[in-house]
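So the structure is just underneath, and the comments pick up after that.
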Amino acid sequence: MKLTVNGTEHTLDVEPEMPLLWVLRDELKITGPKYGCGIAQCGACTVHVDGSAVRSCSITVGDVDGDVTTIEGLGTPDSLHAVQAAWVAHQVAQCGYCQSGQIMQAASFLDLNSEPTDEDIDNAMSANLCRCGTYPRIREAVKTAAKTLNEA
Amino acid sequence: MKIKAIIAAVLLSTSVVQAEEINLEVPQNVTLEQGLEAWARMYEVVSHPRCSNCHVGESDRPMWSGPSYGKARPHGMNIRAGESRIGVETLECATCHVGSTSDQPHTPPGVDGDWRLAPVEAAWFGRGSLEICGQLRNPETNGGLSFQEIAGHLGHDVVLQFAWKPGGGREPAPYSLEEHASDVLMWGAAGMPCPTE
Amino acid sequence: MGKLRTIGRRAFLIGSAAVVGGVAFGVYAARTPHDNPLIADLGAGEAAFNPWVKIDAETVTLIVPHADIGQGVAHMQAILIAEELDIEPGQYATDFGKPDAAYYNTAFAEEGAPFMSRDESGTAETMRTIVGYATKLLGMQGTGGSTSVADSFTKLRTAGAVARETLKLAASMESGVPVDQLKTANGAVELPDGTQMAYTQLAAKAATIDPVTDVVLRQASEWRLIGKDMLRQDIVDKSTGLQNYGIDLEMDGMVHASVRSNPRQGGAINGYDATAAKAMRGVKAVLSVTNGFAVVADNTWRAFQAVNAIEADWGKAPYPAEQAEHWKVLSESFTDELLDDEWRHDGDVPAGLEGGEVVSAEYRAPYVAHAPLEPLNAIVVVTNTQADIWTGHQMPRFVEDYIAKMTGLDVANVHLHNQYSGGSFGHRLEFEQIRYATEIAMQMKDTPVKLTFTREEDFAHDFPRQIAMGRGAAVISGDTIETLDLSICSASPLASQGPRAGLPVPPGPDMQIVSGAWNMPYKIDNLRVRGFRAPELAPVSSWRSVGASHAGFFGESFVDEAILAAGLDPMEARIAMCDYDVARKCLEAVAEMSNWGSPLGENRGRGVAFVSSFGTPVAEVVEVTMTEDGIKIDKVFVAADVGQVVDPINFDNHVKGGVIWGLGHAMNSEITYADGMAEQSNYHDAEGMRLYQTPEITVMGLENQTKIRGIGEPPVPPAAPALANAIFAATGQRLREMPFNKFIDFV
């Protein structure tokens, strides 16, 4: 089985029913996507498949039919994606465990809708759980990222 | 605007995959009584949570209800299907409802197609037998379909088939896809009768 | 009631440990410093000035021994050292260090002594000093009770100053320039001619001299870092997926394990059939562990799948099987025999209750899971001579003791490598993942075993927040609350928790049963607060803000009801009754921030609550609207007094997080038992707050109190009563039991 992650093609010998999350974490050692709930209730495992946000715990690797991007492929400290830069500027993270997923969700959402209203943000970002309660900063960071992306 | 373009693209792309073969032969000599009995079974299906939870009418909020819930409530996490009915304005249904359904309880079910809400006109959630029956036989509210076409769409619209194969320990809709289709045909052959009370 | 009389019979509660009054702790031993744990590992040319600062030719390393469970404590500790060391963020590395007695928590004593935190009398301070000696002798390195800043504030600045002065002395010896002509900045000593001598260059010389310990700390006006906006050191890594948590670690030859133990906590396993599991791909072994079994595989998911494929016969729960029985036990525990302590009795309450019509109410707080987003996990490798563990834990030395006992190894040969944690909220005070990972590793010696709990196992084997019940009775005369009597009953979280940590059940009463209620800052003629200790039910544990999470709700809800019964305004009446200046300023601040008293319009309401926990007074105002679909929480205003805000941005983030924690669980979260098992298994039925429900939160940090306090927990307790009080104001419906969504919908 072939899988392209962050631009690199990998050959895998795994069951097709293994969730993408565990292929990334345990087989490819890409640990940015986190295990939080395993049932798409928390969003910590969010990655992009051909640019769209997907909960990697809830899609089997056999069902993946596009290129996968994880937080590691979105941007790096030297070259932050606009969403990551906004997350740094607003110092969103506390424990940080959900933030890879929050950032991947926000990046995909802003790609679909670059001028979100407050209600759009509420609708797009409420399936990502943050137990530390960093939501006020997530809201602000999404707005800042949208502004940056629109100016680009 | 970007969103609009995407919605249009989504609505144009009808995914027809893994369609099930359904016998669309219309039964002959169906009595009114048999037609009403068929409708009664149909109503059991359409009012079942596996169906009605996504036939929410004007609302764009899928419902969580059924035997394991204390009371019906909108899908958690503030999920909105939007004008597109697939959530593309903000959060696509397919972000979680993607690929095949897992047997693990409480996992998001998926089908080999777009997970989505039913059209606004097909509003069933919380509605009674008479009301839904009236909607289903009225071309203005049933998508302009004949009863044969209604039965036919059960076979090729894969998201509907989930109702009988919900996985994860969920209670399936009553009867079977085939029985439901054959009830639609029987009801149609009897002249799409609705209960008087 | 006289304080001195009660001290004799009270134990000194120190976190979850107890030292009975009779333990011999001489002043000599208590004053002798612990050895510096950095010395033993120093290489040539490396200097360790004290347990917190280590410098070699390349790197300045600041040791930050408090566990970073998301509160940013690694950053905070380093900043305090850097302030005096004259080094800038980015110029130093941080390290959690090895667990060591030298890192004992000096602030556990503040809440460990049985006095209100506002009590700065000689007796209270003396007792805190004595309890402090005990924590030192025990080498209680720990993170909890919102103590990290209090523990660190003076100690770590001093550590920085000692290092700085020693480096200056070294520079003086090298350059011949007198110390008083040297300056320090940016990690270097500067000579009068402008020459820079980097600390790293001076390490070799500094290693040969005794540290200069006679230092004077700088005045607040001289601070460059403390109290200023700054970038938390972990923010970039946590925004790019680069932050590693315990669950992300990988070792050579590592295997992946998952466990299932009896979902009836503490119940036995009568047998299991692993035939199918053993045949599954990647499964290396199925092992028996205490009350359950473990699967070892080559991949986490395969281990999860195999665990699910095993059928087991589980024994009964060692506590009532049904939730209703738990409540029944509590309701029957308000008896003289189970009176834990009468914590406060001003005036004469029994006489006061005879004197008029009694207003009464009963409240409930449910069990609640901690459920930090990173599920419990640990990597353990056990050899014949040594054990190593990689996990995030709040009590590092207890972990080493725990594994030493399990393995029979000398504790000196057990090493915890503490990790950044994806949240804790008290969950990482427990030992479940450590026990099971070690049990597996002992059966697979020399192999690193990574144990990952499924989310479902994490829920099933959480030790939730204690359930509690409160009963209030008040007598109103005209517009005055003359008498207020509050009785609170719960199982003791400390009594449940202690033995699991290998400690004795703390003797004496448990202040957590009444925490946040007995210290209400109100002058009422007859005021009594009593704690009743229910028999142990389901095992429970410390949950962010511990006892104040229930007692604060009961106290501030009932005070609100009494104020309304007297026909008074909830804010004005609280301010008028308040006899503690620091608290009153918090109330006055939120009154002004929220424009209290201004009209809100139809179906809207405001509620206020004030709770002081862990020494930090916090007042909150919540504004709600009753919409067609239910309650919407619009705004929250918070004023909290910690004496000194160290990192204003993180403070703001933390207060908001605490409010969201308090509101979210009050809205919709509980653990209930049926057939001895928790009925909630994952976040779908214990949601907490989501982004769309999050109100606009405005935070003000006050600095009126003389002591330095923490902020991790104190914003939690006022949130639930302020919400209930606001809902009453908006709807007339009084909510006396959490979670509130059993009685009212939230949008």
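Considering every Cα-Cα pair within chain B, what fraction, in whole percent, is farther apart than 32 Å? Summing the P(r) of chain B above 32 Å gives 15 percent of all pairs.
Here r is the Cβ-Cβ distance between residue C:707 and residue C:209 and R0 is 51 Å; the resulting FRET efficiency, rounded to 0.05, is 0.90. For the range A:52-116, taking the reciprocal of the average inverse distance between every pair of different Cα atoms yields a Kirkwood hydrodynamic radius of 13.0 Å.
Against the criterion of solvent-accessible heavy-atom surface with a 1.4 angstrom probe, C:620, C:325, C:58 sort, most first, into C:58, C:325, C:620.
Electrostatic tally near residue C:402: other residues with Cβ closer than 15 Å to its Cβ, Lys and Arg +1, Asp and Glu -1, net -2. I'd like the FRET efficiency for residue C:565 and residue B:69, computed as 1/(1 + (r/R0)^6) with the beta carbon distance as r and R0 of 41 Å, rounded to 0.05. Step by step, r from the Cβ atoms, then E = 0.60. Sequentially through the range C:581-593, phi angles give Karplus couplings (6.51, -1.76, 1.60; θ = phi - 60°) of 4, 4, 5, 4, 5, 5, 5, 5, 5, 6, 4, 6, 4 Hz, Gly and Pro residues having no value and appearing as x.
Return, ordered by residue number, the residues of the range C:84-118 whose backbone nitrogen is under 15 Å from a label point located 7 Å along Cα→Cβ of residue C:183. The answer is C:86-87.
Compared with the dominant Cα axis of chain B, that is its longest principal axis, helix B:2-12 is turned about 30°.
Of all DSSP-defined beta bridges confined to the protein assembly as shown, some 80% are antiparallel rather than parallel. Taken one residue at a time, the phi angles of the range C:607-613 give Karplus couplings (6.51, -1.76, 1.60, θ = phi - 60°) of x, 10, 8, 10, 9, 10, 9 Hz. Gly and Pro are set to x. Applying the Karplus relation 6.51 cos²θ - 1.76 cosθ + 1.60 with θ = phi - 60° to the range C:713-718 yields 3J(HN,Hα) values of 9, x, x, 6, x, x Hz, where x marks Gly and Pro. Between the beta carbons of residue B:26 and residue C:386, assuming R0 = 51 Å, the FRET efficiency works out to 0.05 to the nearest 0.05.
The H on the amide N of residue C:671, modeled in the peptide plane, is under 5 Å from the matching H of C:367, C:368, C:369, each at least 5 residues off or on a different chain.
In nm, what is the difference between 0.36 nm times the number of residues separating residue C:41 and residue C:216 and their Cα-Cα distance? Can you show the working numbers first?
Details: separation 175, 0.36 × 175 = 63.00 nm, distance 2.91 nm.
Extra length from residue C:41 to residue C:216 when fully extended: 60.1 nm.
Proximity of backbone amide H atoms, modeled 1.01 Å from N, is registered between residue C:618 and C:611, C:612, C:613 at under 5 Å, excluding neighbours fewer than 5 places apart on the same chain. Computed log10 I(q)/I(0) for the range A:2-73 at 0.24 Å⁻¹: -1.09, from the Debye equation with unit scatterers placed on every C-alpha and solvent omitted. For the range A:2-73, averaging the sequence separation of C-alpha pairs within contact (under 8 Å, six or more residues apart) and dividing by the residue count gives a relative contact order of 38 percent. Global dimensions of chain C from alpha-carbon coordinates: Rg and Dmax equal 26.7, 83 Å. The smallest convex shape that holds all Cα atoms of the protein assembly as shown, its convex hull, gives 192 Å³ per residue.
Computed with a 1.4 angstrom probe on protein heavy atoms, the C-A interface buries about 4800 square angstrom of accessible area in total.
Distance between the pseudo-spin-label points of residue C:672 and residue B:58 (7 Å out from Cα toward the beta carbon): 3.4 nm. Computed over the range A:75-151, the Cα gyration tensor eigenvalues convert (square root of 5λ each) into semi-axes of 17, 16, 10 Å, ordered from largest to smallest. Calculation over all alpha carbon pairs of the range C:42-126 in 5 angstrom steps from 0 returns a P(r) of 3, 12, 20, 18, 14, 12, 10, 6, 4, 2 percent.
How compact is chain A by the rule of thumb for globular proteins, expressed as Cα Rg over 2.2 N^0.38 Å?
It is 1.00.
Extending 7 Å from the Cα toward the beta-carbon at both residue C:360 and residue C:250 defines two label points whose distance is 6.4 nm.
Helices in the protein assembly as shown, meaning DSSP H runs of at least 4 residues, each add -39500 (n - 2.57). Divided by all residues, the mean residue ellipticity at 222 nm is -9500 deg cm²/dmol.
Per-residue extension of 0.36 nm, minus the Cα-Cα distance of residue C:412 and residue C:173, leaves a gain of 82.2 nm for this segment.
Computed from Cα positions, the angle between helix B:147-156 and the longest principal axis of chain B comes to roughly 40 degrees. The calculated pair-distance distribution of the range C:129-239 uses every alpha carbon pair, bins of 5 angstrom beginning at 0, and gives 2, 10, 14, 17, 15, 15, 13, 9, 4, 1, 0 percent. Annotation for residue B:36 and residue C:348: the two label points, set 7 Å from Cα along the Cα-Cβ direction, are 8.0 nm apart.
Between residue C:443 and residue C:405, the contour length at 0.36 nm per residue exceeds the alpha carbon distance by 12.1 nm.
Which of the residue pairs C:54/C:205; C:284/C:445; C:316/C:405; C:136/C:656; C:155/C:585; A:2/C:278 have a Cα-Cα distance greater than 22 Å in the structure shown? Violating the 22 Å Cα-Cα cut-off are C:316/C:405; C:136/C:656; C:155/C:585; A:2/C:278.
The values are calculated or read from the model by the stated rules, or taken from the named source; none is laboratory data. Keep in mind the model is a prediction, meaning the values are calculated, not measured. Every residue, glycine among them, receives a Cβ derived from its backbone with ideal geometry; neighbour counts consider all protein chains shown. Note: accessible area is taken over every heavy atom of the protein model, side chains too, but ligands, DNA and RNA are not part of it. Shrake-Rupley method; radii C 1.70, N 1.55, O 1.52, S 1.80 Å.
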